[in-house]
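Okay, so here's the structure we're looking at.
The values are calculated or read from the model by the stated rules, or taken from the named source; none is laboratory data. Bear in mind that the values here come from a model prediction, so they are computed numbers and not experimental data. No Cβ is skipped: glycine too gets one built from the backbone with ideal geometry, and neighbour counts run over all protein chains shown. With ligands, DNA and RNA removed, areas are computed over all heavy atoms of the protein, side chains included. Shrake-Rupley method; radii C 1.70, N 1.55, O 1.52, S 1.80 Å.
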Amino acid sequence: MEAIYQYAWLIPVLPLAGAMIVGLGLISFNKATNKLRQVNSIFIVSLMGTTLVVSAALLWSQLNGHPPYTQMIEWASAGDFRLSMGYTIDHLTALMLVIVTTVAFLVMIYTDGYMAHDPSYVRFYAYLSLFSASMLGLVLSPNLVQVYIFWELVGMCSYLLIGFWFDRQGAADACQKAFVTNRVGDFGLLLGILGLYWSTQSFDFETIGDRLQDLVATGAISGGLAALFAILIFLGPVAKSAQFPLHVWLPDAMEGPTPISALIHAATMVAAGVFLIARMFPVFENIPVVMDVIAYTGALTAFLGASIAITQNDIKKGLAYSTMSQLGYMVMAMGVGSYSAGMFHLMTHAYFKAMLFLGSGSVIHGMEHVVGHNPAYAQDMRLMGGLRKYMPFTGITFLIGTLAISGIPPFAGFWSKDEILGNAFAANPVLWGVGYLTAGITAFYMFRMYISTFEGGFRGNDTTVRQAIKVEQLQAQGLSIGPGAMNPQELTLTAHEHAQDKHDDHEHHSEFPHESPFTMTLPLMLLAVPSILIGLVGTPFANYFEAFIHAPGEAVELAAEGGENLNEFFVMAGSSVGISLLGISLAILMYARKTIDPAAIAAKIPALYQLSKNKWYIDDIYYSVFVLNSRRLARQILEVDSKVVDGVVNLAGLVTLFTGEVLKYLENGRAQFYALIVFAAVLGLVIFSGIA
């Protein structure tokens, strides 16, 4: 087993090598490399499969009691400064390696079917492999410097993948938004790393925690300064894990292909933030004010995401806000000190959310054969309905994921979410109340999504619904609607829409959608297994997960629950299941039985409906405050640059030109003339001196 640890560095290197080889092939032999589509995909998937096997072996070794393993080399030194790089394998690392490699491997298999007709199929695989390598390198990192390096690589890969279809304006805007928003958090993270090193002279996680605690205890630094450094570190996870107020990039990231949406939302980018909180737990847990900030940020984000998701009609954006909400649960758990519960929910969420996103991709793939390749139609749930009849594997697996995220036993999400709520109740009933209410909203919007997509009659051929969607798009862009409208932009856009409709109609292959190919349904069926069963490793009756994953320095033994604890569990679990069933019942009455009219409710509370529909107006506020003001500032700087800076440069050139033109007449090459000038200059100086 020891040999596996010595070669664990291959885990990020193998997918990195795959990305480099395929990337060099695309640069040097583009046509030939693109022709070998299947060869490239098999090569990339095989490398990821190998990393999965090695990661599983490491997890098995850790489960069997192997001590943590660290391999380091000195990377740089100057005087007393020493910087080491390497990798570390402990319980947390082993778990994250298996989560990342499992999801990445299945996403790569799924990609073959989803991207089969895309001309940039090979490039997408290269990006996927590089993204996976970056996340795996981050997980293996033994110190903050190495974490930061891979942290930025993950951000770069997300930029490339969100903007993969860069010829679409929406994708180009979304990848820039994600990049800029994450730079805000990453700048805070960098400042926090520098501040912690300044105070502790270390980049090691546990060393920083111990030294910082001693420095505060002895008065060497103030508690407020230590809290500031910790909150700056927390800004990194706030951006990466889409926590309020830096959450705005996540829904827009849906502009990328669905496989990357699944990978980002399940096991890579957004999981990186929660993972860093876990790694920095030795620092955070000793600063109560920081733990409170983390907990309340998570609770607010959980409720915010859920409250917006209930009015989303785009299936991928609904799932995006769902991810944001579930990440809020994880962050809240970390904030109340429930380290194990937060990581448990990260694991269960990774599997059922990957399945849900891949299921949405399967739906979109099927819908495109009916409504064409216009995302506004293929992703809008108002044009779906009854898909379970045509796509049974997708429908069943999506229902399993919906039950899991809704917290219905015995599905995985029930055990992890209930543990978070139970620990939150013990720590702070207010946080529990927010999480409890969010659990009911989650069940409502997820079953709204499932029923609208898979139950009832198929609405994809309803031209009235299409027209309503088109009008809504125009209104969202601020264009007037109605007869006699003379806005040229409206007329142009309408003509474009008609051309798109004709193009889509020409490409229609069938009147109804059909099931996706085996390469897409196989990952769904495989992910359904952990979505059902993996929660059983963390039951309160025998919590194997907590015995394996717990906060550093905390000793936890596997023990059966006593009678009193079991009674408490049944009360808490019963209440959480009850609120979920209430949400499910409301969704059924509104969207399946149609005994309650959602439109009538929206009309009675228009302010709340518009608040949710417009995402709490946060994007609008950011646009007005930051985007428009940044443009104004840029225009003012341009004015200064063009009139002042350019003016000074132009004036210097003009003076040089003028003096050169004047002096050239004095340069005639006659020595007598030069002597006369010197004599006149000396005479002038003498006269001036005499006068002075």
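Residues being in contact with a Leu (Cβ under 7 Å, 6 or more places away or on another chain), under 27 Å from Val465 (Cα atoms) and open to solvent by less than 10 Å² (accessible area, probe 1.4 Å) are entirely absent from segment 328-337.
Sub-6 Å Cβ pairs linking a first residue in segment 57-84 that is under 17 Å from Ala3 (Cβ atoms) to a second residue that is of a type in the set (Phe, Trp, Tyr) and open to solvent by less than 60 Å² (accessible area, probe 1.4 Å), at least 6 apart or interchain, are Tyr69/Tyr5; Gln71/Tyr87, ordered by first then second residue. Considered as a group, the residues in segment 81-93 that are hydrophobic (A, V, I, L, M, F, W, C) and in a strand (DSSP E or B) include one that is surrounded by the fewest Cβ atoms within 10 Å (Cβ to Cβ), and that residue is Phe81. In the set Ile405, Ile396, Ile400, only one residue is β-branched (Val, Ile, Thr) and surrounded by 24 or more Cβ atoms within 10 Å (Cβ to Cβ); that residue is Ile405.
Take the conditions touching a helix residue (DSSP H, G or I) at 6+ places or on another chain (Cβ under 8 Å), open to solvent by 10 Å² or more (accessible area, probe 1.4 Å) and assigned to a helix (DSSP H, G or I) and apply them to Val184. Does it pass? The answer is yes for Val184. If you check Leu24 against the conditions, is it within 24 Å of the chain's Cα centre (by Cα) and either open to solvent by 20 Å² or more (accessible area, probe 1.4 Å) or under 20 Å from Ile264 (Cα atoms) (or both)? No; evaluated as a whole, the condition is false for this residue. Restricting the first member to segment 410-431 and to residues that are closer than 19 Å to Leu300 by Cα and assigned to a loop (DSSP other than H, G, I, E, B), and the second to residues that are aliphatic (A, V, I, L, M) and open to solvent by 20 Å² or more (accessible area, probe 1.4 Å), the beta-carbon pairs closer than 8 Å and six or more apart or on different chains are Asn428/Val336. Within segment 19-32, residues that are closer than 16 Å to Pro119 by Cβ reach partners that are hydrophobic (A, V, I, L, M, F, W, C) and open to solvent by less than 30 Å² (accessible area, probe 1.4 Å) with beta carbons closer than 7 Å, at six or more positions or on different chains, in the pairs Val22/Ile44; Val22/Val122; Val22/Ala126; Leu26/Val122; Leu26/Ala126.
Checking the stated criteria, Pro257 turns out to be more than 22 Å from Tyr445 (Cβ to Cβ) and open to solvent by less than 10 Å² (accessible area, probe 1.4 Å).
Of all residues in segment 203-226, exactly one satisfies the criterion of being small (Gly, Ala, Ser), open to solvent by 10 Å² or more (accessible area, probe 1.4 Å) and either touching a residue at least 40 places away in the same chain (Cβ under 8 Å) or under 30 Å from Met324 (Cβ atoms) (or both), namely Gly223. For segment 464-471, indicate whether the set of residues that are at pLDDT 95 or above, of a type in the set (D, E, K, R) and either open to solvent by 60 Å² or more (accessible area, probe 1.4 Å) or under 19 Å from Thr311 (Cα atoms) (or both) is non-empty. No, because not a single residue in segment 464-471 is at pLDDT 95 or above, of a type in the set (D, E, K, R) and either open to solvent by 60 Å² or more (accessible area, probe 1.4 Å) or under 19 Å from Thr311 (Cα atoms) (or both).
If you go through segment 73-80 one residue at a time, do you hit one that is buried (at least 18 other Cβ atoms within 10 Å of the Cβ) and either modelled with pLDDT under 95 or within 30 Å of Thr521 (Cα to Cα) (or both)? The answer is no, given that none of the residues of segment 73-80 is buried (at least 18 other Cβ atoms within 10 Å of the Cβ) and either modelled with pLDDT under 95 or within 30 Å of Thr521 (Cα to Cα) (or both).
Has segment 560-571 got any residue that is at pLDDT below 90 and buried (at least 16 other Cβ atoms within 10 Å of the Cβ)? Yes, the conditions are met somewhere in segment 560-571. Restricting Ser41, Ser46 to residues that are free of Cβ contacts under 8 Å to residues at least 60 places away in the same chain, in a helix (DSSP H, G or I) and more than 22 Å from Tyr148 (Cα to Cα) narrows the list to Ser46.
Restricted to segment 49-72, and to residues there that are touching a helix residue (DSSP H, G or I) at 6+ places or on another chain (Cβ under 9 Å) and not in a helix (DSSP H, G or I), the residue that is surrounded by the most Cβ atoms within 10 Å (Cβ to Cβ) is Tyr69.
Within segment 162-178, the set of residues being assigned to a helix (DSSP H, G or I) and either in contact with a Cys (Cβ under 7 Å, 6 or more places away or on another chain) or surrounded by fewer than 18 Cβ atoms within 10 Å (Cβ to Cβ) (or both) comprises Ile162, Gln169, Gly170, Ala172, Asp173, Gln176. Within segment 583-622, being closer than 30 Å to Phe541 by Cα and either under 30 Å from the mean Cα position of the chain (by Cα) or acidic (Asp, Glu) (or both) holds for Gly583, Ile584.
Conditions tested, residue by residue: (1) on the phi > 0 side of the Ramachandran plot; (2) hydrophobic (A, V, I, L, M, F, W, C); (3) out of contact with any strand residue (DSSP E or B) (no Cβ under 6 Å at 6 or more places or on another chain).
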| site | (1), (2), (3) |
| --- | --- |
| Ala17 | no, yes, yes |
| Ile21 | no, yes, yes |
| Asn30 | no, no, yes |
| Ser41 | no, no, yes |
| Thr51 | no, no, yes |
| Gly65 | yes, no, yes |
| Trp75 | no, yes, no |
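The set of residues in segment 334-353 that are over 15 Å from the mean Cα position of the chain (by Cα) and within 19 Å of Thr93 (Cα to Cα) comprises Met334, Ser338, Tyr339, Ser340, Ala341, Gly342, Met343, Phe344, His345, Met347, Thr348, Tyr351. Of the residues examined, Leu638 is not one that is under 42 Å from the mean Cα position of the chain (by Cα) and closer than 30 Å to Asn313 by Cβ. Against the definition (loosely packed, with under 11 Cβ neighbours inside 10 Å, under 30 Å from Leu246 (Cα atoms) and without any contact (Cβ under 8 Å) to a residue 24 or more places away in the chain), how does Val682 come out, yes or no? No; evaluated as a whole, the condition is false for this residue.
Out of contact with any His (no Cβ under 7 Å at 6 or more places or on another chain), farther than 14 Å from Asn143 by Cβ and surrounded by fewer than 21 Cβ atoms within 10 Å (Cβ to Cβ), is that true of Leu194? Against the criterion (out of contact with any His (no Cβ under 7 Å at 6 or more places or on another chain), farther than 14 Å from Asn143 by Cβ and surrounded by fewer than 21 Cβ atoms within 10 Å (Cβ to Cβ)), Leu194 does not qualify.
The single condition from (1) open to solvent by 70 Å² or more (accessible area, probe 1.4 Å); (2) of a type outside the set (Phe, Trp, Tyr); (3) at pLDDT 95 or above that Ile588 fails is (1).
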